[in-house]
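Written out below as structure tokens is the structure these notes cover.
The values are calculated or read from the model by the stated rules, or taken from the named source; none is laboratory data. Small disclaimer: the values here were computed from a predicted structure and weren't measured. Quick reminder, even Gly has a Cβ in these numbers, built from the backbone with ideal geometry, and neighbours come from all protein chains shown.
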Amino acid sequence: MASIHTEVVINSRPEQVWAAIRDVGAVHLRLLPDRVVDTRLEGDVRILVLPDGRTIRELIVDVDDTARRLAYAVVEGARPPITHHHASFQVFPEGSDRSRLVWITDLLPDALATETRARVERGAQDMKRTLEDAAIA
């Protein structure tokens, strides 16, 4: 199983970063506005609509406000197809006005690790930019 661990320091208070991460129905507004055009919730399932119209279904596994941790699993719509996916975000203080966002993704097949790592690292940078812009506004 491939395990991808990405960390990014964000110039925004941990409370602000966590508020955006835990807002599972607003990915398109608060985290990845250039990569996700809409987000819908159906019970514990989050549906992300991509710019090309494709959808990704994710099971929200846990939202832990005490640990500032969100866990989710892609259950449908990944391209190329995956047989297993589980990921989590966790927000840690990095001083008083900055945060460390840790994104861990486990997936199968292993052959998708390089492509997925690039996508996760790019996504982390996109989230950093969006969250820092929101902190300035």
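Specify which of the listed residues (130, 105, 66) is part of a loop (DSSP other than H, G, I, E, B), at pLDDT 95 or above, of a type outside the set (A, V, I, L, M) and out of contact with any Phe, Trp or Tyr (no Cβ under 8 Å at 6 or more places or on another chain).
Working: 130 fails: part of a loop (DSSP other than H, G, I, E, B); 105 fails: part of a loop (DSSP other than H, G, I, E, B).
After ruling out the rest, the residue left standing is 66.
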Residue pairs meeting the criteria (Cβ under 7 Å; at least 6 apart or on separate chains; first farther than 12 Å from residue 97 by Cβ, in the stretch 126-137; second surrounded by 19 or more Cβ atoms within 10 Å (Cβ to Cβ) and modelled with pLDDT under 95): none
Single condition residue 134 does not satisfy, out of (1) surrounded by 15 or more Cβ atoms within 10 Å (Cβ to Cβ); (2) under 18 Å from residue 57 (Cα atoms): (2)
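For the stretch 1-29, give me each residue that is in a loop (DSSP other than H, G, I, E, B), surrounded by fewer than 20 Cβ atoms within 10 Å (Cβ to Cβ) and touching a strand residue (DSSP E or B) at 6+ places or on another chain (Cβ under 8 Å).
As a first pass, look at the stretch 1-29 and keep what is in a loop (DSSP other than H, G, I, E, B): 1, 11-13, 23-26.
Now narrow it down to the ones that are surrounded by fewer than 20 Cβ atoms within 10 Å (Cβ to Cβ): 1, 11, 13, 23-26.
Selection gives 1, 13, 24, 25, 26.
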Residue that is assigned to a loop (DSSP other than H, G, I, E, B), within 15 Å of the chain's Cα centre (by Cα) and of a type outside the set (Asp, Glu), where the choices are 32, 59: 32
Residue that is in contact with a Ser or Thr (Cβ under 8 Å, 6 or more places away or on another chain) and of a type outside the set (Val, Ile, Thr), where the choices are 79, 40, 46: 46
